[in-house]
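Structure first, commentary second.
The values are calculated or read from the model by the stated rules, or taken from the named source; none is laboratory data. All of these numbers come straight from a predicted model, not from anything done at the bench. A quick note on method: Cβ atoms are made from the backbone with ideal geometry, for glycine too, and the neighbour counts reach across all protein chains shown.
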Amino acid sequence: MKPLLLAATLLLIPVAAPTVACAQVAAGALPNSFDAPAPRRAAVPAPAASVPAVAAPANPRAEAVLRDIIAGAQAGTIDYAVMTEDLAGKVREQEAAIAPLIAGFGPVQAVDFVGSQNGADLFAVTFANAATQWVIGFNEAGKVAALLFRPAE
């Protein structure tokens, strides 16, 4: 049994030695915290992030159509004719849950364009009782193909 343990120990020694040597090299590159403190460098201000100017929506009708959809949802009369068949079907499936939720937000107080990405427009819509973000996108035929909303972040 002792020869087996001795052989296992001898096998581990060559493996451990390079690891220790590497650790010593890595540790040797670190500053010694007991030496005099390193001189402080002058703070370099971060470059100002360029904030792109808010351009117009990808679709000039986006805000008006969004306002109409919201008003329709609050009144219980969503105009599905402005939507693609696919989107209209999905909204119809969820109308029973979504319409009361949107009605509970209260009257629209402000609709502010935030930006566009991949042809869809993002709006911040502030209601009397909620702040939300809405995404609306149109297909080539001018129908609403994407419509999402969520609480504002």
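Looking at A73, A99, A145, just one residue is within 25 Å of the chain's Cα centre (by Cα) and either surrounded by 15 or more Cβ atoms within 10 Å (Cβ to Cβ) or acidic (D, E) (or both), and that residue is A145.
Which residue is nearest to G104 (Cα to Cα), if the candidates are limited to the stretch 133-142 and must be surrounded by fewer than 17 Cβ atoms within 10 Å (Cβ to Cβ) and not acidic (D, E)?
Going residue by residue through the stretch 133-142, those that are surrounded by fewer than 17 Cβ atoms within 10 Å (Cβ to Cβ) are 133, 139-142.
Next, only the ones that are not acidic (D, E) stay: 133, 139, 141-142.
Numbers: Q133: 16, N139: 30, A141: 32, G142: 29 Å.
The qualifying residue nearest to G104 (Cα to Cα) is Q133.
Within the stretch 119-136, the only residue that satisfies the criterion of being over 13 Å from E153 (Cβ atoms), touching a Phe, Trp or Tyr at 6+ places or on another chain (Cβ under 6 Å) and of a type in the set (S, T, N, Q) is N129.
Quick grid of which residues meet (1) at positive phi; (2) assigned to a loop (DSSP other than H, G, I, E, B); (3) not β-branched (V, I, T):
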| site | (1), (2), (3) |
| --- | --- |
| V111 | no, no, no |
| S116 | no, no, yes |
| D121 | no, no, yes |
| Q133 | no, no, yes |
| G142 | yes, yes, yes |
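Rundown of residues vs (1) hydrophobic (A, V, I, L, M, F, W, C); (2) at pLDDT below 95; (3) crowded, with 17+ Cβ neighbours inside 10 Å, yes/no style:
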residue: N118; (1), (2), (3): no, yes, no
residue: V125; (1), (2), (3): yes, no, yes
residue: A128; (1), (2), (3): yes, no, no
residue: P151; (1), (2), (3): no, yes, no
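For the structure I just gave you, tell me whether A62 is within 12 Å of L147 (Cα to Cα) and either touching a residue at least 60 places away in the same chain (Cβ under 8 Å) or surrounded by fewer than 14 Cβ atoms within 10 Å (Cβ to Cβ) (or both). It would help to see each step written out before you state the result.
On the way: within 12 Å of L147 (Cα to Cα): yes; either touching a residue at least 60 places away in the same chain (Cβ under 8 Å) or surrounded by fewer than 14 Cβ atoms within 10 Å (Cβ to Cβ) (or both): yes.
It is true that A62 is within 12 Å of L147 (Cα to Cα) and either touching a residue at least 60 places away in the same chain (Cβ under 8 Å) or surrounded by fewer than 14 Cβ atoms within 10 Å (Cβ to Cβ) (or both).
From the list D86, D68, the lone residue that is part of a helix (DSSP H, G or I) and surrounded by fewer than 14 Cβ atoms within 10 Å (Cβ to Cβ) is D86.
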